[in-house]
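Please read the structure below before turning to the comments.
The values are calculated or read from the model by the stated rules, or taken from the named source; none is laboratory data. Owing to the predicted nature of the structure, the values given are computational and were not obtained by experimental measurement. Cβ placement follows ideal geometry from the backbone for every residue including glycine, while neighbour counts extend to all protein chains displayed. To get the accessible areas, we keep the full protein, side chains included, count just its heavy atoms, and leave off ligands, DNA and RNA. Shrake-Rupley method; radii C 1.70, N 1.55, O 1.52, S 1.80 Å.
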Amino acid sequence: MVEGGISHADKTEFTECWRTAWRTPYIMKLALSAGIGGLLFGYDTGVISGALLYIREDFESVDRKTWLQETIVSMAVAGAIFGAAIGGWINDRFGRKMSILIADVLFFFGAIIMAVAPGPWMIILGRIFVGLGVGMASMTAPLYISEASPHRIRGALVSTNGLLITGGQFLSYLINLAFTHVPGTWRWMLGIAGLPALVQFILMLSLPESPRWLFRHGKEDEAKSILKKIYPAEELEDELRALKASVEQEKQGEHPGESGIFSRLKGAWGNDVVRRGLYAGITVQVAQQFVGINTVMYYSPTIIQFAGFASNKTALALSLITSGLNALGSIVSMCFVDRYGRRRLMIISMIGIISCLVVLSVVFYQASASAPDISSVETAYFGANSTCRAYTEAPDSSSWGCMRCLSKDTTCAFCSAPGSLYHGGACLEMNDAVRGACRADKRTWYTQGCPSNIGFLAVVLLGLYIIVYSPGMGTVPWIVNSEIYPLKYRGIGGGIAAVSNWSSNLIVSETFLTLTEHLGSARTFLLFAGFSLIGLVFIFFLVPETKGLQFEEVEKMLEKGYSPFKKGDKALEDCHVDNN
């Protein structure tokens, strides 16, 4: 058990959070205002999955080039890497509030640029602007909420940011569906994100800076006046005393010239407590991405089309289910993260994720194996000029099936047979005229995946995957990173971890479609299951429990180092998990 004891509330659970917020609405005002950054984060990362379907229809170059689709999706992630890196420095130098305001400006202008984009290159530019804002918001919003929260309900309040992230993703799918038949489709989908950015910018102008940042920068009276609004009188002095001791200890260890970003990075890595915190923080952020979550959030309509649902509208509607479950999982996290602990939720979540990915791989393999054949009669029905050239020139065309027709080395599409989706269909050239002829004959046009009798199982498993992901690996990594670093290095530590998150995100989002082309959907999901297993091992060995601890107590725990096999650490964990 850490020195100084552990401060517990009578109840460290969801009901205690709302009881406290009801008594002190100022706390919820701060949390929800800052959490709009999470809403924007969720919206801008989720909206592209539906918008991409219509961008492909408007720009033939995007439809034909997988790398261009991946670039449109992933440039927001690339921007987020730099946004998180710069945001960490801005957080420590200029404060959490300033970082959020800058993120709002980037969100707003990025949305406008995408809405008026005349071509793919300008959409990419707008995605970079939005990504910079996402990167800053992703690490600043939970940090601001964490530092403006009583420690006994800190996990639940930071989970509100996770709820708003998933809520933003759910909202993006609703907006996508709402604009499917509106002229300009994807322009409205991408441009509407400017509104909440404007709302948050106005709200944040009236809100204070983080009290802990103020205290750290010598503005003790201002910090105390804010803490008075957050803590009851009987807890205020203890909180101020712990905060003062922490700041004094940090200042004693400061060295002249440690204000530049590179010197701060060197100082952070040279500090045992920060380095151990980074081991844990980076581990959970990288693991969060390599379980493959953003293949689902960025490409879920495409994945559903892989499973045999060809209609854009159907794919969007089914994707709405997965994003809704993601939002529901965030509420579950709010209920249990302060009751059962961060570490336990993540380990349970990872075990469920691995199981779902393995079964999902089996389903996609079976769907591929049972795909319909190509019928020469059905293909000839549309005329020689409509037949896919790769099919005509193939020496083994008689053995072709739907999956071969849609493979990466062809420019073919599959048009289903009349009256049955699962009998032999036509292998045709992929262009607007042939697509129109197929649909005019009341057939279904497939470009991403083939008809399948078991495709619905893929949707069910995607839903189960989200259910086990969201309460644990969806929200907890951000909670851990908002509370595991010393005050002096909290901005830069969170920034480093966020950069690792977005770098991992970039790798996953930039390679997913290419992996499915070369490995197939089944092997791709099996690969993510393997990455998830590695992540589970690292979490078990490197990530301690921080439930119910004051920030200063987390520092003391990390001073000693963490091991799951240390008797003292196990006792600490059990105390936190079981004491209610």
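Things worth noting here:
- Under 5 Å from the amide H of residue 401 lie the amide H atoms of 374, each residue being 5 or more positions distant or on a separate chain, with H modelled from the backbone and absent for Pro and chain starts.
- For residue 266 and residue 198, a Förster radius of 41 Å and the Cβ-Cβ distance give a FRET efficiency of 0.60, rounded to the nearest 0.05.
- Segment 425-434 - phi-based ³J(HN,Hα) in whole Hz, Karplus 6.51/-1.76/1.60, Gly and Pro as x: x, 9, 9, 10, 5, 8, 8, 5, 5, 5
- For segment 410-480, trypsin sites (Lys or Arg not before Pro) meeting the loop criterion (DSSP other than H, G, I, E, B) and having at most 14 other Cβ atoms within 10 Å: 442.
- Counting every C-alpha pair in segment 456-526, the share spaced more than 17 angstrom apart comes to 63%.
- Calculated accessible area for segment 71-201 comes out at 29 Å² per residue, all protein chains present (probe 1.4 Å; ligands, DNA, RNA ignored).
- Loop-resident trypsin sites (Lys or Arg not before Pro) (DSSP state other than H, G, I, E or B) in segment 30-74 with no more than 14 further Cβ atoms inside 10 Å of their Cβ: 65.
- Cα lying deepest toward the dipole's positive end in the chain, options 242, 307, 135, charges on Cβ: 242
- With a 1.4 Å probe rolled over the protein heavy atoms of all chains, the accessible area of 67, 213 falls in the order 67, 213, largest first.
- Under the Karplus curve 6.51 cos²θ - 1.76 cosθ + 1.60, θ = phi - 60°, whole-Hz ³J(HN,Hα) for segment 506-513, x wherever Gly or Pro sits: 4, 4, 5, 6, 7, 10, 4, 5
- For the chain, the share of DSSP beta bridges that are antiparallel, to the nearest 5, is 90%.
- Placing a label point 7 Å from the Cα of residue 398 along the Cα-to-Cβ direction, the residues of segment 410-449 with a backbone N closer than 18 Å are 424-425, 427.
- Principal axis box of segment 38-153, alpha-carbon based, largest edge first, Å: 52, 26, 21
- Extending 7 Å from Cα along the Cβ direction at residue 222 and again at residue 440 yields two label points whose distance is 6.9 nm.
- The Kirkwood radius of segment 104-263, taken over pairs of alpha-carbon atoms, gives through the Stokes-Einstein law at 37 °C and 0.692 mPa s a diffusion coefficient of 176 µm² s⁻¹.
- Shape of segment 416-472, Cα gyration tensor, a/c cut at 1.5: prolate
- Answer label for semi-axes √(5λ) of the Cα gyration tensor in Å (calculated), chosen among [x] 48, 24, 19; [y] 45, 26, 24; [z] 38, 25, 24: [x]
- Dipole-positive endmost among 350, 407, 40 within the chain (Cβ charges, Cα centre): 40
- Using the alpha-carbon positions of segment 92-165, Rg (one decimal) and Dmax (whole number) come out as 15.0, 51 Å.
- Solvent-accessible surface of protein heavy atoms, probed at 1.4 angstrom with all chains present, puts 469, 562 in the order 562, 469, largest first.
- Each Lys and Arg adds +1 at its Cβ and each Asp and Glu adds -1 at its Cβ; summed about the Cα centre, the chain shows a dipole of about 240 debye.
- Positive-pole candidate from 534, 500, 213, dipole of the chain, charges at beta carbon: 213
- Taking the C-alpha atoms only, the angle from helix 342-369 to the longest principal axis of the chain is near 0 degrees.
- Distance from segment 278-292 to segment 524-558 (C-alpha centre basis), Å: 8
- Across all Cα atoms of segment 184-227, the radius of gyration (one decimal) and Dmax (whole number) stand at 17.3, 52 Å.
- Long-range tail of P(r) for segment 345-424 (Cα pairs > 14 Å, %): 69
- Mean-position separation - Cα centroids, segment 73-101 and segment 139-169, in angstrom: 17
- Relative to the dominant Cα principal axis of the chain, helix 120-147 is inclined by about 30°.
- With Cα atoms, 0 to 90° folded angle of helix 233-252 axis to the chain main axis: 90
- Using the rule -39500 (n - 2.57) for each DSSP H run of four or more residues, divided by the residues of the chain, the 222 nm mean residue ellipticity is -24500 deg cm²/dmol.
- In the calculated pair-distance distribution of segment 404-534, the portion above 22 angstrom amounts to 58 percent of the Cα-Cα pairs.
- With θ taken as phi - 60° and the Karplus curve 6.51 cos²θ - 1.76 cosθ + 1.60 applied, the whole-hertz 3J(HN,Hα) list for segment 532-543 is 5, 5, 4, x, 4, 4, 5, 4, 4, 8, 10, 9 Hz, x standing for glycine and proline.
- Sulfur and carbon atoms: percent of accessible area, segment 382-465 [1.4 Å]: 53
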